[in-house]
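The values are calculated or read from the model by the stated rules, or taken from the named source; none is laboratory data. Because the structure is predicted, anything quoted here is derived from the model rather than measured. A quick note on method: Cβ atoms are made from the backbone with ideal geometry, for glycine too, and the neighbour counts reach across all protein chains shown.
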Amino acid sequence: MDTVQVSFQMTSPVSELSRLTDSDSSERLNDALNHHLSPRQTQVLLLMLQGHSRSEIAKHLNVSARTVDTTRARMMVKLKAKSNTELAIKAFELCNSVTA
């Protein structure tokens, strides 16, 4: 019996979102998120997905780190997410549902 080796790459929602934020698809992602989040929440989420810390996000948006925390907390309630990872997954799902 011959053995067949199959190779494939699985991508996680988080890695897919990271790819979207770094490509031409970022506008599509931004549009999808704006259907569910405020413009500020979308800004914070996109910066989070790019790997920025809360202090980096605060500095970039010229707000306090506490404001970033509050914005993130409100996004989590709005999207029913319990962690940053779940928030990223929910954002990915929103992007796919709006653009599908």
Six or more apart or on different chains, Cβ under 7 Å: which pairs go from a residue in the range 84-98 that's more than 12 Å from Leu33 (Cβ to Cβ) to one that's at pLDDT 85 or above? Could you list them? Asn84/Met48
Expected single match for exposed (fewer than 15 other Cβ atoms within 10 Å of the Cβ) and modelled with pLDDT of 70 or more among Thr85, Thr99 is Thr85
Could you give me the residue pairs with C-beta distances under 8 Å whose first residue belongs to the range 37-56 and is more than 14 Å from Thr70 (Cα to Cα), whose second residue is β-branched (Val, Ile, Thr) and at pLDDT 95 or above wherever it lies, and which are 6+ apart or on separate chains? Leu47/Ile57
Looking at Asp31, Asp24 in this structure, which one is modelled with pLDDT under 80, within 21 Å of Asn96 (Cα to Cα) and either of a type in the set (A, V, I, L, M) or in a helix (DSSP H, G or I) (or both)? Asp31
Subset of the range 70-84, residues out of contact with any His (no Cβ under 8 Å at 6 or more places or on another chain) and in a helix (DSSP H, G or I), comes to Thr70, Thr71, Arg72, Ala73, Arg74, Met75, Met76, Val77, Asn84
For the range 43-69, how many residues meet the condition of being in a helix (DSSP H, G or I), under 18 Å from Asn30 (Cα atoms) and either polar (S, T, N, Q) or under 10 Å from the mean Cα position of the chain (by Cα) (or both)? 7
Filter pass, Ser55 being at pLDDT 95 or above and surrounded by fewer than 20 Cβ atoms within 10 Å (Cβ to Cβ): yes
Asn62 passes all but one of the listed conditions (1) crowded, with 16+ Cβ neighbours inside 10 Å; (2) modelled with pLDDT of 85 or more; the exception is number (1)
